[in-house]
Amino acid sequence: MSTITLRVLDGADRGKLFENIEVPVTIGREEGNTIQLNDERISRFHLKIQQDHDDLVLTDLESTNGSKVNNEEVQLRILRHGDLITVGRSTLIFGTRVEINERLERLSSGGRAVDVSEAGSKASAEKLAVKDDWQDDPNYQLALLDLDPPKLPERLSPGQAAQLSEVVEFLHMHMRSVVSDVQVDHRQKRVVLTSKQWQKVLDAQARLAEYLRKISNPQ
């Protein structure tokens, strides 16, 4: 049985440590949750973390104020060590200091979110320091995904694989048509998009948002 560790960085329960908790885990305001937080903006049963094969998956339980991972609103999200979970006014960090440090050491040293000294030793991992404004960085999610891109889903049926391939190909063609037509101003070191090209980018973002919503809410 997998266990997880969550530490409260911000909110009324700041400083609390929930260590080596067996999954599934629920977080909410009411008794009966694995983790009960003192926050009136958190729903009675706000979110659930459960294991699916090798992944730990966060699911928002149709909460009133929603759930965020790394400042992004989510309904479903695979969690990785170092992820920041925001519910109501409370922010929790997923993983022990050692687990987070081990993940960061596997990634490029270009990550800006965490300050690690003497990387590689267990002692330094225990002293891993999270910067005070880490959870406020609007690009935190993108920075981590650049370093540690998400995996493609496994165990797809042939039909599901074909559907996923169609979606990715559609978006790839959209982006390719924009990239092939942009004007590059080398003197000003900038790329110029026409209004039509910009609309294509916005349309692709809108379609991605629709896909994400449908995946999270298949009903």
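Just a few scattered comments:
- Whichever residue in the range 168-185 is more than 14 Å from Ala206 (Cα to Cα) and in contact (Cβ under 8 Å) with a residue 12 or more places away in the chain and, among such residues, is surrounded by the most Cβ atoms within 10 Å (Cβ to Cβ): Val178
- Lone unmet requirement of (1) surrounded by 20 or more Cβ atoms within 10 Å (Cβ to Cβ); (2) in a strand (DSSP E or B) for Leu104: (2)
- Residues of the range 180-194 that turn out to be in contact with a strand residue (DSSP E or B) (Cβ under 9 Å, 6 or more places away or on another chain) and in a helix (DSSP H, G or I), as a count: 0
- Criterion applied to Arg41, Arg14, Arg7 was being under 12 Å from Val87 (Cα atoms) and either open to solvent by 70 Å² or more (accessible area, probe 1.4 Å) or touching a Leu at 6+ places or on another chain (Cβ under 9 Å) (or both), and the one residue passing it is Arg41.
- If you go through the range 206-219 and pick out every residue that is open to solvent by 70 Å² or more (accessible area, probe 1.4 Å) and in contact with a strand residue (DSSP E or B) (Cβ under 8 Å, 6 or more places away or on another chain), you end up with 1.
- The set of residues in the range 75-92 that are crowded, with 21+ Cβ neighbours inside 10 Å, touching a residue at least 60 places away in the same chain (Cβ under 8 Å) and among the β-branched types (Val, Ile, Thr) comprises Ile85, Val87.
- Within the range 49-74, the only residue that satisfies the criterion of being surrounded by fewer than 17 Cβ atoms within 10 Å (Cβ to Cβ), under 12 Å from the mean Cα position of the chain (by Cα) and aliphatic (A, V, I, L, M) is Val57.
- Selection within the range 51-73 - within 21 Å of Glu154 (Cα to Cα) and touching a Ser or Thr at 6+ places or on another chain (Cβ under 8 Å): Gln51, Leu56, Leu58
- Scanning the range 1-51 for residues that are part of a strand (DSSP E or B) and modelled with pLDDT under 90 yields Leu9, Asp10.
- Scanning the range 187-205 for residues that are of a type in the set (S, T, N, Q) and either within 10 Å of Leu171 (Cα to Cα) or surrounded by 11 or more Cβ atoms within 10 Å (Cβ to Cβ) (or both) gives Thr194, Gln197, Gln199, Gln205.
- Qualifying residue in the range 100-110 (condition: hydrophobic (A, V, I, L, M, F, W, C), modelled with pLDDT under 75 and in contact with a helix residue (DSSP H, G or I) (Cβ under 6 Å, 6 or more places away or on another chain)): yes
- Number of residues in the range 155-167 that are closer than 17 Å to Glu210 by Cα and loosely packed, with under 11 Cβ neighbours inside 10 Å: the value is 1.
The values are calculated or read from the model by the stated rules, or taken from the named source; none is laboratory data. Predicted, not measured: the structure shown is a model, and the values here were computed from it. Quick reminder, even Gly has a Cβ in these numbers, built from the backbone with ideal geometry, and neighbours come from all protein chains shown. When the accessible area is computed, the model is the full protein with side chains, heavy atoms only, and any ligands, DNA or RNA have been set aside. Shrake-Rupley method; radii C 1.70, N 1.55, O 1.52, S 1.80 Å.
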